[in-house]
Amino acid sequence: MKCSTCGKKTTPKELWVKFKCPACSDAIIVRCERCKKLVNQYKCEKCGFVGP
Ligand SMILES: [Zn+2]
Ligand SMILES: [Zn+2]
């Protein structure tokens, strides 16, 4: 699994989250602990949706 925001590989030790894109519900968004904390924006690779 790779973080959708920073592209960093997630490790099982980290508290990362995985959820479906709220716009197209087709792509899977992955956010690492750091990006979640910093509220970095993510971008869906399929539909281009950008969310907090
Ligand atoms: Zn990240
Ligand atoms: Zn999408």
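Between THR11 and ASN40, what length in nm is gained on full extension when 0.36 nm per residue of separation is reduced by their alpha carbon distance?
Values: separation 29, 0.36 × 29 = 10.44 nm, distance 1.87 nm.
My answer for the length gained is 8.6 nm.
With only alpha-carbon atoms counted, please give the Rg and Dmax of the chain, in Å.
10.2, 30
Bear in mind that the values in this text are calculations on the coordinates, not laboratory data. Because the structure is a prediction, the values reported are computed rather than measured.
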